[in-house]
Amino acid sequence: MTFDQRDPAFIADPYPAFAALREAGEVHHHEQLGVAVAVSHAACSAVLRHRSLGRIWSDVKPVEQFMAFNLLHRNSLLENEPPTHTRLRRLVAAAFGRGHVERLRPWVADLADRLVDDLVAKIKDQGQGDLLAHVAAPLPVEVIAELLGVPGEDRHLLQPWSNAIVKMYEYGLPPEQQQVAERAAAEFVAYLRELIALRRTNPGSDLVSDLVAVTDTDGARLTEDELVATAVLLLMAGHEATVNVIGNGVYALMQHRSQWERLSAPEVMPTAVEELIRFDSPLQLFERTATERVEIAGHVIEPGEKIAALLGAAARDPLVFEDPDRLDIGREKNQHLGFGMGIHYCLGAPLARIEVEAALSSLHRKLPGAVLAEEPNRRAEFVIRGLHSLVLGAD
């Protein structure tokens, strides 16, 4: 018993299939994906925490055709294990710890207000407007660009690069789209090398300047390739996740009107953000590779074999979440795995929470009568779950 990740009905609503899998067992071998998949919250947590299950990067082949894509991942915080991961995370966390998230909080709130104002104007003028195009997509790109210190005239480049590169994480991607991803990676790498060179001679108050300057206790610094990989990871992880939390989340709120109306109470915003991440996870699957023989919920993974945590399945586990298929933005006990767990827990989680809360708060305040103008078109990908558009009107 598994699921067909190419089936449009599964893409539209994978959660019944996940529930059936959980009832049958905590871990299953998925023939199409070629990996074992953990579907219970306990098994997914074990996969994410186990020190013998790591992110072991293997270059995409043929290597000569994917030089930039492989460089980004070979040097990434996400794709390395200790001791390399320990060194990278310590340096990146030290740069992040210089007040960047709090520095951006009022700026993000102001940006969200401006973007929502554009959406409201579009709805007043034309009767409808796309939340993704006007708010959800530009917000995280602008935030990451501001964080990194990307000049305003270059920020339009970032979203197309990110969109192309993340396609590589889907299963069965056609060769032509793989080449588009590699070209985007190469262009992004070249751009960031120029930006890093500028910050070495002309530092600012941005994160790239701090990443260039930060040193470890032994005086070690991030290499240029590590700097580039870190910046790209921040964009791709921060952009894709935030776009889809906002898109999936507002779509869910439009379908659960009583929950949308509860957003009028500001104190519910923090729990609302966590619940929207849980309810329709923007990242459905996260892989690990065994470095030695590991047993998860009775399933043995041999060295070199992979197992995936199905985060969307874990988020609906009734053993952890009361009435898990119910959207409850006031949910207090919410141990979702949307930001990961263990040593790879998302460094950007605090910033992502600020972005989602700012978008929800501004949208509800400025467009309380928001309604769906048309049924949204869901993206066909399984791993990264999101919508192509979310067209809203006003009641």
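The values are calculated or read from the model by the stated rules, or taken from the named source; none is laboratory data. Since the structure is predicted, the reported quantities are computational estimates derived from the model, not experimental observations. All Cβ positions, even for glycine, are placed from backbone atoms using ideal geometry, and neighbour counts span all protein chains on display. To get the accessible areas, we keep the full protein, side chains included, count just its heavy atoms, and leave off ligands, DNA and RNA. Shrake-Rupley method; radii C 1.70, N 1.55, O 1.52, S 1.80 Å.
Would you check which residues across the range 153-169 are surrounded by 16 or more Cβ atoms within 10 Å (Cβ to Cβ) and of a type in the set (D, E, K, R) and list them? Matches in the range 153-169: Arg155, Lys167. Taking residues in the range 186-211 that are open to solvent by 80 Å² or more (accessible area, probe 1.4 Å), and partners anywhere that are at pLDDT below 95, the pairs with Cβ atoms closer than 6 Å and at least 6 places apart or on different chains are Arg200/Val212; Pro203/Ser209.
Being part of a helix (DSSP H, G or I), β-branched (Val, Ile, Thr) and under 26 Å from Arg114 (Cβ atoms) is a property that Val143 has. Name every residue in the range 384-393 that is among the hydrophobic types (A, V, I, L, M, F, W, C) and not in a loop (DSSP other than H, G, I, E, B), in order of residue number. Within the range 384-393, Ile384, Leu387, Val391, Leu392 qualify. Every condition in (1) touching an Asp or Glu at 6+ places or on another chain (Cβ under 7 Å); (2) β-branched (Val, Ile, Thr); (3) farther than 30 Å from Ala394 by Cβ holds for Val320 except the one numbered (1). For the range 275-288, state whether one or more residues are over 15 Å from the mean Cα position of the chain (by Cα) and more than 19 Å from Ser58 (Cα to Cα). Looking through the range 275-288, at least one residue is over 15 Å from the mean Cα position of the chain (by Cα) and more than 19 Å from Ser58 (Cα to Cα).
For the range 366-390, the tally of residues that are acidic (Asp, Glu) and surrounded by 20 or more Cβ atoms within 10 Å (Cβ to Cβ) stands at 0.
Look at Glu302 and say whether it is farther than 21 Å from Tyr169 by Cα, out of contact with any strand residue (DSSP E or B) (no Cβ under 6 Å at 6 or more places or on another chain) and either open to solvent by 40 Å² or more (accessible area, probe 1.4 Å) or at pLDDT below 95 (or both). Considered against the rule, which asks whether it is farther than 21 Å from Tyr169 by Cα, out of contact with any strand residue (DSSP E or B) (no Cβ under 6 Å at 6 or more places or on another chain) and either open to solvent by 40 Å² or more (accessible area, probe 1.4 Å) or at pLDDT below 95 (or both), Glu302 comes out as yes. Scanning the range 70-88 for any residue that is more than 21 Å from Val214 (Cβ to Cβ), touching a Phe, Trp or Tyr at 6+ places or on another chain (Cβ under 9 Å) and open to solvent by less than 70 Å² (accessible area, probe 1.4 Å) turns up at least one such residue. Here the range 241-265 is the region considered, the condition is being open to solvent by 20 Å² or more (accessible area, probe 1.4 Å) and out of contact with any helix residue (DSSP H, G or I) (no Cβ under 7 Å at 6 or more places or on another chain), and the residue that is nearest to Met168 (Cα to Cα) is Tyr251. Scan the range 35-69 for residues that are farther than 20 Å from Ala290 by Cα, in a loop (DSSP other than H, G, I, E, B) and open to solvent by 30 Å² or more (accessible area, probe 1.4 Å) and the total you get is 2. Here Val135 passes the criteria (1) surrounded by fewer than 21 Cβ atoms within 10 Å (Cβ to Cβ); (2) in contact with a helix residue (DSSP H, G or I) (Cβ under 7 Å, 6 or more places away or on another chain) except the one numbered (1).
One residue alone among Ile329, Ile343 is open to solvent by 20 Å² or more (accessible area, probe 1.4 Å) and of a type in the set (A, V, I, L, M, F, W, C), and that residue is Ile343. Only a single item in (1) open to solvent by 60 Å² or more (accessible area, probe 1.4 Å); (2) in a helix (DSSP H, G or I); (3) at pLDDT below 95 is not met by Arg98, and it is number (2). Given the structure, is His73 under 20 Å from Ala237 (Cα atoms) and at pLDDT 90 or above? Yes.
Scanning the range 138-152 for residues that are surrounded by fewer than 19 Cβ atoms within 10 Å (Cβ to Cβ) and in contact with a Gly (Cβ under 7 Å, 6 or more places away or on another chain) yields one hit, Gly149.
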